[in-house]
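The values are calculated or read from the model by the stated rules, or taken from the named source; none is laboratory data. Model, not experiment: these values are computed from the prediction. Please note: Cβ atoms are built from the backbone with ideal geometry, for glycine as well, and neighbour counts cover all protein chains shown.
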Amino acid sequence: MSTRAPESQLWELMRGPLTSRALAISADLNVAEALADGPKPVDELAHEVGADPDTLHRILRALATEGVFAEEQPGVFRNTEASDELRRSGWGAFAHLFGGAFYEALGKLDASGKASFPDIYETDFWSWLAANPDERVTFDLAMEQGKAQRVERLDGIDWRGNEVVVDVGGGNGSLLIELLRRQSGLSGVVFDLPETVRDEEALGDRIEFVAGSFFESVPPGDVYVLSTILHDWDDDPATEILRTIRAATSPESRLILLEAVVPPGNEPGSGKWLDLLMLALFEGRERNEAQWRELLEAGGFEPTSIEDGLIQARCR
């Protein structure tokens, strides 16, 4: 039960678009990077990043109330632990998206059950990424946010030492690269659309990139990893993805999903808000435990473990 006054609760919810845009502006201007060496007067900072000094001051002043940047003395700003995160781990890319394309889509979200993104951009999200390479790069960088936690979850799985891991929708391969760094006996395949931007040299000699669509076929492997992929899709297309994977598996193959599990009732969970973003972008959805079980079974898999952030299943 919240102890905040009802008016405070409503204000903090309503000002959400302001924080998204302010973070996006600061990220796109690389303000956190400009402050990496220490505090700077806002006039100097504005000149360096190409912004109006008064406007930049107002943006940073607002963000500082939430602990993102700090006004050390009047008109002089420095980084905080939070703003430092904008310089790494995909958070700056996420801020750009949340204050840009995501922001536009959420601004048109309604109760129709339809994605708003296609109406605004006159194409679906994935085609828009393909047509905008810079946004594709940003999206792939954003997907690296939380990689450390996801790798920790994967690293704790009982690996058999010589398995081929197929990272379905694996983007630039950063997740699989880190997993194989920790698990020397594994080899892997990053499977994604051909327009995915990647560093082939970084994949090394134990990882292969294969281009294709997971609605058509996936490469053979022992373990299939999908990291925040199925929440992009409603139940029918998500089931189709799982059936495509099931068609490529052997009886001993395993499926690992790095996905949120929505908690019941009024229990807080970021997935309950992320669910609305999935709806706005592509009619996707976050799922609770019962919905995950139903989806996996429809796709030809039997869940063996379901916890928030890590779902494991075997072939039926």
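Only residues that are touching a His at 6+ places or on another chain (Cβ under 8 Å) and farther than 24 Å from Ile245 by Cα were counted in the range 276-296, giving 0. The residues of the range 267-290 that are free of Cβ contacts under 8 Å to residues at least 24 places away in the same chain and under 30 Å from Glu252 (Cβ atoms) amount to a single one, Ala290. One residue alone among Asp110, Asp119 is surrounded by fewer than 18 Cβ atoms within 10 Å (Cβ to Cβ), among the acidic types (Asp, Glu), more than 15 Å from the chain's Cα centre (by Cα) and not in a helix (DSSP H, G or I), and that residue is Asp110. So which residues in the range 157-173 are at pLDDT below 90 and either of a type outside the set (D, E, K, R) or outside any loop (DSSP other than H, G, I, E, B) (or both)? Selection gives Gly161, Gly171, Asn172.
Looking at Thr239, Thr196, which is the one that is assigned to a helix (DSSP H, G or I), among the polar types (S, T, N, Q) and surrounded by fewer than 22 Cβ atoms within 10 Å (Cβ to Cβ)?
Answer to the check: Thr239.
For residues in the range 254-272 being out of contact with any Gly (no Cβ under 7 Å at 6 or more places or on another chain), modelled with pLDDT of 95 or more and not in a helix (DSSP H, G or I), which is farthest from Leu193 (Cα to Cα)?
Within the range 254-272, the match that is farthest from Leu193 (Cα to Cα) is Val261.
If you go through the range 207-221 and keep only what is polar (S, T, N, Q) and within 21 Å of the chain's Cα centre (by Cα), you end up with just Ser213. Phe117: closer than 30 Å to Glu178 by Cα and aromatic (Phe, Trp, Tyr), yes or no? So Phe117 does not fit the description; no.
For the range 37-47, the criterion of being under 19 Å from Asp275 (Cα atoms), at pLDDT 95 or above and among the aliphatic types (A, V, I, L, M) is met by no residue. On inspection, Ala93 qualifies as closer than 20 Å to Ile25 by Cβ and either at pLDDT 95 or above or surrounded by 17 or more Cβ atoms within 10 Å (Cβ to Cβ) (or both). Would you check if Gly188 is crowded, with 17+ Cβ neighbours inside 10 Å, on the phi > 0 side of the Ramachandran plot, at pLDDT 90 or above and not acidic (Asp, Glu)? So Gly188 does not fit the description; no.
Any residue that is under 20 Å from the mean Cα position of the chain (by Cα), assigned to a loop (DSSP other than H, G, I, E, B) and over 17 Å from Gly169 (Cβ atoms) - is there at least one of those in the range 223-236? Looking through the range 223-236, none of the residues is under 20 Å from the mean Cα position of the chain (by Cα), assigned to a loop (DSSP other than H, G, I, E, B) and over 17 Å from Gly169 (Cβ atoms). Could you list, in sequence order, all residues of the range 137-153 that are surrounded by 20 or more Cβ atoms within 10 Å (Cβ to Cβ) and among the charged types (D, E, K, R)? Passing the criteria: Asp140, Glu144, Arg150.
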